[in-house]
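The values are calculated or read from the model by the stated rules, or taken from the named source; none is laboratory data. Source: prediction; values computed, not measured. FYI the Cβ positions are ideal-geometry reconstructions off the backbone, even for glycines, and counts take in every protein chain you see.
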Amino acid sequence: MKGFEGYEAFFADNYVGVVRTLWSYGGDRGVAEEAAQEAFVRASRDWRRVQQLRSPVAWVHRVGINEVNRHFRRRNALWRAISRHGADDLQPPVDVAGSVSLHAALRSLPDRQRAALVLHYFADLPIVSIAEVLDVRPGTVKSLLSRGRDAVGATLQHAEEATDVH
């Protein structure tokens, strides 16, 4: 198909990694797969433009992260609506084990810090690409990574100390 040269290889080379990144970011494999699919559909639709970008995979990550955020905003809005209409005994789903893990520590971070950490450590994107995904300056990415690492470390240390006491 004219205009799609290179897209199939791009998809094959990057789909699994994008799903892993989005799964790490959002903590839900199904949501990650749907978000990645939507991001790659958009990339295929605009492939002529996307392939010209400095980092097409960073663009796909950005779209995917936006889709994951959209999913959770909708879910939270649903829970608020249910709560307002008298279903006080319903609670949002929680982790079965209820324990603090790396994922829980990541989920406790603000979206931009979480995205920076996941894109850097799970997607192995360079600072410049992360800055492009988050639409911030590289120095901001470095700051987000530093603060995010500190927060995750403190959360994990606190959880470890709490389990050692019992």
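Here are a few things to note about the model shown:
- Selection from the range 1-41 of residues that are of a type in the set (Asp, Glu), over 20 Å from TYR121 (Cα atoms) and in contact with a helix residue (DSSP H, G or I) (Cβ under 8 Å, 6 or more places away or on another chain): GLU34, GLU38
- Selected residue (criterion: surrounded by the fewest Cβ atoms within 10 Å (Cβ to Cβ)) from residues of the range 1-24 that are under 23 Å from ALA105 (Cα atoms) and in contact with a Phe, Trp or Tyr (Cβ under 8 Å, 6 or more places away or on another chain): ARG20
- Among the residues examined, ARG62 does not qualify as surrounded by fewer than 20 Cβ atoms within 10 Å (Cβ to Cβ) and basic (Lys, Arg).
- Set side by side, the residues VAL128, VAL118 differ, and just one is modelled with pLDDT of 80 or more, under 25 Å from TRP59 (Cβ atoms) and touching a Pro at 6+ places or on another chain (Cβ under 8 Å), which is VAL128.
- The range 17-28: number of residues that are assigned to a helix (DSSP H, G or I) and either among the hydroxyl-bearing types (Ser, Thr, Tyr) or in contact (Cβ under 8 Å) with a residue 40 or more places away in the chain (or both): 8
- Taking the conditions (1) surrounded by fewer than 11 Cβ atoms within 10 Å (Cβ to Cβ); (2) assigned to a loop (DSSP other than H, G, I, E, B); (3) at pLDDT 70 or above in turn, ARG74 satisfies each one other than (2).
- So GLY148, is it at pLDDT 85 or above, surrounded by 15 or more Cβ atoms within 10 Å (Cβ to Cβ) and on the phi < 0 side of the Ramachandran plot: yes
- Listed by first and then second residue, the pairs linking a residue in the range 29-49 that is closer than 11 Å to HIS71 by Cβ and without any contact (Cβ under 8 Å) to a residue 60 or more places away in the chain to a residue that is of a type in the set (D, E, K, R) and surrounded by 12 or more Cβ atoms within 10 Å (Cβ to Cβ), with Cβ atoms under 7 Å apart and 6 or more places separating them unless they lie on different chains, are ALA35/GLU67; GLU38/GLU67.
- Residues of the range 32-59 classified as under 12 Å from the mean Cα position of the chain (by Cα) and either surrounded by fewer than 20 Cβ atoms within 10 Å (Cβ to Cβ) or not in a helix (DSSP H, G or I) (or both), total: 1
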